[in-house]
1. Name the residue, out of Lys221, Lys205, that is part of a helix (DSSP H, G or I), in contact with a Pro (Cβ under 8 Å, 6 or more places away or on another chain) and either open to solvent by 50 Å² or more (accessible area, probe 1.4 Å) or not small (Gly, Ala, Ser) (or both).
2. In region 6-33, what count of residues is obtained for those that are surrounded by 12 or more Cβ atoms within 10 Å (Cβ to Cβ) and either under 12 Å from Ser67 (Cβ atoms) or of a type outside the set (A, V, I, L, M) (or both)?
3. Among the listed residues Ile82, Ile31, which satisfies the condition of being touching a residue at least 60 places away in the same chain (Cβ under 8 Å) and in a helix (DSSP H, G or I)?
4. Quick one: would you say Pro39 is within 29 Å of Arg80 (Cα to Cα), surrounded by fewer than 13 Cβ atoms within 10 Å (Cβ to Cβ) and over 19 Å from the mean Cα position of the chain (by Cα)?
5. I'd like to check something: does region 83-94 contain any residue that is among the hydrophobic types (A, V, I, L, M, F, W, C) and closer than 25 Å to Phe214 by Cβ?
6. Just one of the numbered conditions (1) closer than 14 Å to Ala169 by Cβ; (2) open to solvent by 50 Å² or more (accessible area, probe 1.4 Å); (3) of a type in the set (A, V, I, L, M, F, W, C) is not true of Leu125; which one?
7. Of the residues Arg183, Arg173, Arg136, only one is open to solvent by 20 Å² or more (accessible area, probe 1.4 Å), outside any loop (DSSP other than H, G, I, E, B) and at pLDDT 90 or above; which?
8. Suppose we keep only residues that are in a loop (DSSP other than H, G, I, E, B) and open to solvent by 40 Å² or more (accessible area, probe 1.4 Å) within region 224-253. Which one would you say is nearest to Ser67 (Cα to Cα)?
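The values are calculated or read from the model by the stated rules, or taken from the named source; none is laboratory data. Just so you know, these numbers come straight off a predicted model, no measurement behind them. When we count neighbours, we look across all protein chains shown, and the Cβ atoms used for this are built from the backbone with ideal geometry, even at glycine. The accessibility values were calculated without ligands, DNA or RNA, using every heavy atom of the protein model including side chains. Shrake-Rupley method; radii C 1.70, N 1.55, O 1.52, S 1.80 Å.
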Amino acid sequence: MSTFTTRGPYQGVLQILQFNRRMYLLATAGILAAALAWPFLPTPGRIALLSGVVPGMFWVASSLLVSHYIYDRFPLYDFRRIVRLLTRVPKRWINIHSGWDETSGLLTTILPADGNQVVDIFDPLIMTEISIQHARLINQKAVPAISGRYNRLPFDAGKFDAAFAIFTAHELRRHEQRVDLFREIVRVLIPGGELVLMEHARDWKNFLAFGPGFLHFFSRKEWRNAASEAGLMVRTEIATTPFVHVYVLRKNL
């Protein structure tokens with residue numbers, strides 16, 4: 001019997017289209033406008049048009065193909081192999097998300113259910129990306145969550161053995177906000193407790209895949225620096241795909 005929820009064969013890429021539909025509609029409209037203008041342009045104008053349209057067409061196609069690979073073809077959400085990276089199976093754990101949660105239900109199937117908590121740190125004043133606004137409007141059967149702030153988690157100190165932040169922390173756009181979130185996670189973890197952080201990287205691979213959209217991600221160096229400032233050490237880092245990294249960060253004893 002499978003221990004994780006079955007996803008549709010195109011669920012991931014369709015969600016990317018839903019969350020970023022304005023961007024894709026604008027890109028499609030721009031390509032159509034360029035096609036209509038082409039016959040009326042002189043040669044220099046056509047060269048200039050191609051220099052803008054060709055990269056745009058490439059990134060529209062590549063972003064969808066890569067998203068399909070990451071979220072639909074690769075077993076990204078089979079967290080059994082991620083949990084095996086931990087020092088021990090946590091008895092008490094917390095999953096932190098920012099308004100869109102596809103992971104809590106999966107984690108509850110492979111980790112002890114007693115003592116776990118799910119917290120939603122979405123803040124409309126600082127998480128203003130249109131994509132996350134669209135994501136929150138999509139009806140889903142999410143695990144009920146406690147509302148919290150990134151810099152004030154509603155739990156006592158030393159309550160959890162492990163914490164998970166899956167594609168969550170990048171929604172905090174300022175470095176000090178990410179450090180504050182990590183400090184709060186450190187506070188609620190036991191000594192030696194671990195944080196599993198999963199994020200895209202701001203690197204050349206994600207640039208080829210997502211074009212200027214790669215600026216929505218942060219570099220591996222940034223994640224390591226934020227973790228270090230908060231009192232976390234990198235115990236393990238793996239690339240689950242060429243585009244996504246998983247960090248196991250440990251609270252100092």
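1. Lys205
2. Total satisfying the criteria: 16.
3. Matching residue, one of Ile82, Ile31: Ile82.
4. Considered against the rule, which asks whether it is within 29 Å of Arg80 (Cα to Cα), surrounded by fewer than 13 Cβ atoms within 10 Å (Cβ to Cβ) and over 19 Å from the mean Cα position of the chain (by Cα), Pro39 comes out as no.
5. no
6. For Leu125, the exception is condition (1).
7. Arg183
8. Pro242
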